[in-house]
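Have a look at the structure below, then the notes.
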Amino acid sequence: MPAMNTLAIEQQLDSLFDRLGSHEQPTLVLTPNRRLSRYLRSQFNLFKQRDNQGAWPSLPCVSYQGWLQQQWQSWVLLGNPQGDHMPLDSVQELICWQQVIAEHPDTPELLNVPATARLAMQAYQLVEEFKLPLAEHDSLNTQMFQQWCLGFQEFCQRQQLISQADQGRLLAQGKLHSGNQKEFSADTHLILFGFDELTPLQRSLVERNSYEFFDLNIPGDVTRYEFADIGQEILSAAQWAQNTLRQNPQSRIGIVVPQLAQQRDRLERMFTQVFEPQYILPQQPQHANGFNLSAGQPLDQVPVVATAMTALALNRQRLDVDAISRLLCSPFIGSVDEIGERALLDLTLKDHEFELSLLRLVHEAGKLNDEFDRCPDFFQRLKSFQQSVTGSWQLPSQWAQLFNQQLKLLGWPGNRPLDTLEYQQVQVWRETLHKFAALDHLLDEIDLADALNHLRTTVAKVSFQAQTKTSPVQILGVLEAAGMPFDYLWVMNLDDENWPPTANPNPLLPIDLQIAHQLPQSSAERELAYAQRLTKRFQISAHEVVFSHARL
């Protein structure tokens, strides 16, 4: 049956690839995400190899976001208005929103600015994507949000910046050109592969061309399982995937989890127990797993980077006792040979205080060194760090240089060899520090507190995804899995709290407006219809489909 299923997928894809060459217009395949476009390009190459063709052009296939970027670049090259504005990435845009909200005279004093900035950024994107008529509503939240929007637009105009939402709006309003790239020209025929719905903005851009939808339909068997709890459900899915892979080594196996980010740590731990049981040994180096987990881990939560952020927090001169303890017991600071002695220092510091000053930490480390000749390396590093602390105002690039120097003074990331994952995490940290340093054009000179806050915002927005070997076992979220074909598919976590997803409308936009325009997460009815569509799609995405949920 898996072979028959693979043949059914090949036949449907071959019919798509044949049509690309026979269509009178240049044809472009659009996918909702990059994962699906990569899959289609790889299948196209196999299709050409089966035809024994010596060389061939790559498949004209990009994700929708990649297509927008290509359109914007063409727009810029033709000298269109605002084409010289620098596009903002998500981190830069979030920091802009924080600046605008914090500096607006009518912003309430007790407002949580970072959290509100995230909501405002999301609301702004929804307004542009669904073309919402906000002017017709005059609630207090909406009025405040509209003032922030004006402030954000003025800030971007003044700094010659442009957000992703405004890029889409300008492209929809202006005339699209392609220069010499015919596959992105206005007369290109678009094939929308794997789309469940189009927003009004997406539709206005797509409808400039002739277009059609294309989906795979894989006949298969559907089974439903019920488990006592979520732990048993995950363990059963992992064992099922491993057994299936042993029986059919060439099969494509998908595990779909609606709330993947929330379940990520548990999924990784339990799948590792099944696929890589040797990792339970404490001295076992961590390498890429035998499965691919698409949800990246927040960079500030990986141990080596969390240690770096805790170390830099010493600049504040006071730190809570638990943070100090984590720092002293971390193998990523100073010499690993002193960890045992630093643990003794940790015990002496755990009295009735909730916070410790940097001054006292240096004093206690010095006393331990003078009286018992313990932790000499850590004491000297701590003294050097203390001398580097400054109260001056500097540009982000200057703060980045200082933070990098301070981490070196503390001996980060340690003197023991890093394993594969730790090495990758350190490299991503260095790239992220460069992103922080590039904020000079958004921020003037800032003090230490703002520098640490903006660095934390930058790091928190970065998702660490390990560079893994190609694996037939893919653990995906629902949006990443939609449209992807598999030989075997397990969709889990379908309990009453997760499927359909709980409605969660944006509080900065009028609820009735969100419901009327069918915004994502606007109402229970909308989420039910969304879940029903995806459930039907998953039913025809593999030869063997399993749906499961836990009772508790």
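The values are calculated or read from the model by the stated rules, or taken from the named source; none is laboratory data. From a predicted model like this one, the values you see are computed outputs, not experimental measurements. When we count neighbours, we look across all protein chains shown, and the Cβ atoms used for this are built from the backbone with ideal geometry, even at glycine. These accessible areas exclude ligands, DNA and RNA; they are computed on the full protein's heavy atoms, side chains included. Shrake-Rupley method; radii C 1.70, N 1.55, O 1.52, S 1.80 Å.
Taking all protein chains as present, what is the carbon and sulfur share of the accessible area of the chain, in % to the nearest whole number, probe 1.4 Å?
Details: 13510 of 26650 Å².
After summing per-atom areas, the C and S share lands at 51 percent.
Based on Cα positions only, what radius of gyration and what Dmax would you give for segment 341-412, in angstroms?
14.1, 42
Looking at the square roots a ≥ b ≥ c of the eigenvalues of the Cα gyration tensor of segment 109-237, which shape do they give, rounded for a/c under 1.5, prolate if a/b is larger than b/c, or oblate? Working shown, then result.
Values: a/c = 2.55, a/b = 1.17, b/c = 2.17.
Oblate, since a/c reaches 1.5 and b/c is not below a/b.
Whose amide H sits under 5 Å from the amide H of VAL29, counting only residues 5 or more places off or on another chain, with H placed in the peptide plane?
CYS61, VAL62, ILE191
If you average the sequence gap of Cα pairs under 8 Å that are 6 or more apart and divide by the length of the chain, what percent do you get for the contact order? List each step's numbers first, then the result.
Numbers: 793 pairs, mean separation 119.6, N = 552.
After rounding, I find 22 percent.
Working from Cα positions, state the angle (0 to 90°, nearest 10) between the long axis of helix 64-77 and the longest principal axis of the chain.
90 degrees
Per residue, how much accessible area does the chain have with a 1.4 Å probe, in Å²? Mind dumping the intermediate values first?
Details: 26650 Å² over 552 residues.
On a per-residue basis, the chain sits at 48 Å².
Where in segment 356-460 are there chymotrypsin sites (Phe, Trp or Tyr not before Pro) that are in a DSSP coil and have at most 16 other Cβ atoms within 10 angstrom of their Cβ? Before the final figure, lay out the partial values.
Values: sites: PHE372, PHE378, PHE379, PHE385, TRP393, TRP399, PHE403, TYR423, TRP429, PHE436; in loops: TRP393.
Answer by residue number: TRP393.
Which length gain, in nm to one decimal place, applies between SER139 and GLU103 when the Cα-Cα distance is subtracted from 0.36 nm times their residue separation?
On the way: separation 36, 0.36 × 36 = 12.96 nm, distance 2.18 nm.
Net length gain for the segment: 10.8 nm.
Per-residue HN-Hα couplings for segment 330-340, Karplus 6.51 cos²θ - 1.76 cosθ + 1.60 at θ = phi - 60°, whole Hz, x for Gly and Pro?
So the Karplus estimates, Gly and Pro as x, are 7, x, 9, 10, x, 8, 5, 5, 9, 4, x Hz.
Between GLU371 and ASP512, what is the spin-label point distance in nm, taking each point 7 Å from the Cα along the Cα→C-beta axis?
Here the answer is 7.2 nm between the modelled labels.
With angles folded into 0 to 90 degrees, how steeply does helix 358-372 sit against the dominant principal axis of the chain? Use alpha carbons for both and round to 10.
With both axes taken from Cα atoms, the answer is about 60 degrees.
Taking 10 °C and 1.306 mPa s as the conditions, I'd like the Stokes-Einstein D for the chain in µm²/s, using the Kirkwood hydrodynamic radius from alpha carbon pairs. List each step's numbers first, then the result.
On the way: Rh = 26.8 Å.
Calculated translational D: 59 µm²/s.
For GLU276 and ASN112, FRET efficiency with R0 = 30 Å and r from the beta-carbon atoms, rounded to 0.05? Spell out each step's value before the answer.
Details: r = 40 Å, r/R0 = 1.33.
Between ASN112 and GLU276 the formula returns 0.15.
Which of LYS408/LYS461; LYS350/LYS461; LYS367/LYS408; LYS408/LYS435 have a Cα-Cα distance over 27 Å?
LYS350/LYS461
What distance in nm separates the two pseudo spin-label positions at LEU344 and ASP196, each 7 Å out from Cα along the beta-carbon direction?
So the two model labels end up 5.9 nm from each other.
Residues with beta-carbon under 14 Å from that of GLU371, excluding GLU371: net charge, scoring Lys, Arg +1 and Asp, Glu -1?
Working: positive: LYS367, ARG374; negative: GLU341, GLU364, ASP370, ASP373.
With Lys, Arg at +1 and Asp, Glu at -1, the neighbours total -2.
Quick one: angle between helix 524-539 and the longest Cα principal axis of the chain, in degrees between 0 and 90, rounded to 10, please.
Between helix and principal axis, roughly 70 degrees.
Show me the trypsin sites (Lys or Arg not before Pro) within segment 408-494 that DSSP assigns to loop and that have at most 15 other Cβ atoms within 10 Å of their Cβ. Don't skip to the end; give the middle numbers.
On the way: sites: LYS408, ARG430, LYS435, ARG456, LYS461, LYS469; in loops: LYS461, LYS469.
Those that pass, being in a loop and sparsely packed, are LYS469.
Give me the percent of DSSP beta bridges within the chain that run antiparallel, rounded to the nearest 5.
On the way: 6 of 41 bridges.
Close to 15 percent.
State the extension gain, in nm to one decimal, for the chain segment bounded by ASP18 and GLN317, taking 0.36 nm per residue of separation less the distance between their alpha-carbons. It would help to have the intermediate numbers written out before the result.
Working: separation 299, 0.36 × 299 = 107.64 nm, distance 6.65 nm.
Separation in residues times 0.36 nm, less the Cα-Cα distance, equals 101.0 nm.
Could you size up the charge dipole of the chain around its Cα centre, putting +1 on the beta carbon of Lys and Arg and -1 on that of Asp and Glu, and report it in debye to the nearest 20? All intermediate terms of the calculation are to be shown ahead of the outcome.
Working: 43 positive and 63 negative charges, 257 e Å.
Computed charge dipole of the chain: roughly 1240 debye.
Give the calculated FRET efficiency between GLN259 and LYS383 to the nearest 0.05, with a Förster radius of 60 Å applied to their Cβ-Cβ distance.
0.80
Scanning the chain for GluC sites (Glu not before Pro) in DSSP loops with at most 14 other Cβ atoms within 10 Å, what's the longest stretch left with none? Could the numbers behind the result be given before it?
Working: sites that count: GLU24, GLU109, GLU197, GLU207, GLU353, GLU445, GLU497.
Answer from the scan: 208-352.
Going by amide H atoms built from the backbone, whose H comes under 5 Å of the H on ILE255, apart from near neighbours?
Sorted by chain and number, the residues that satisfy this are GLN474, ILE475, LEU476, TRP490.
Which of the trypsin sites (Lys or Arg not before Pro) across segment 306-359 are loop residues per DSSP, with 15 or fewer other Cβ within 10 Å? Present the calculation step by step, with values, prior to reporting the outcome.
Working: sites: ARG316, ARG318, ARG326, ARG342, LYS350; in loops: LYS350.
Sites meeting the loop and neighbour criteria: LYS350.
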